[in-house]
Amino acid sequence: MQTHVVTRVIDGDTLEVSPEISRRAALQTPMERLIGAPLPAETPTEQLSRPPMFHKIRLKNIDAPEIGTPQSEKAIHYLKQLLEGKRVTFKPAGISYDRVVADVWRYPDHVFVNAIMVYSGHAKWSHPPR
């Protein structure tokens, strides 16, 4: 599984992540990356025109308190402490409101983030995992 870096915690059950691969490396084929071929040069215009490489991820099967409540602030703070700036892997289950719905694991210790949010008291299961 590819790892991503958590760039922002949006709320208690939504993250923004970016693939660890650099934008310039993304222009290479997998074979070029494997053999260590030189990276292609990008002009400033190309850099600005390239779509951002971010994904919004909604933690699957959990509900965190709504934004604006004291419980929400605690959930956001906890999730930031747990993940912001850290690496994760995820298993997509679908898309909802332009967000990837997924199970998320912190990397490399494989902490199951969806469950830890529930067991820490900062979210509830909407549908318990099987």
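Values for this structure:
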item	result
Gyration tensor (Cα) of the stretch 80-130, equivalent ellipsoid semi-axes in angstrom	17, 15, 11
Long-range amide H partners of residue 60 with built H, under 5 Å	102, 103, 104
Percentage relative contact order, the stretch 89-130, counting C-alpha pairs under 8 Å, at least six apart	23
In order through the stretch 107-114: 3J(HN,Hα) via Karplus (6.51 cos²θ - 1.76 cosθ + 1.60), integer Hz, x for Gly, Pro	10, x, 7, 6, 5, 7, 4, 4
Relative contact order (percent, whole number), the stretch 49-105, Cα cutoff 8 Å, 6+ residue spacing	41
Long-range amide H partners of residue 99 with built H, under 5 Å	none
J(HN,Hα) series, the stretch 9-14, from Karplus relation 6.51 cos²θ - 1.76 cosθ + 1.60, nearest Hz, glycine and proline x	9, 7, 8, x, 9, 9
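No lab work stands behind these numbers, since they all come straight from the coordinates. Worth saying up front: this structure is predicted, and the values here are computed from it rather than measured.
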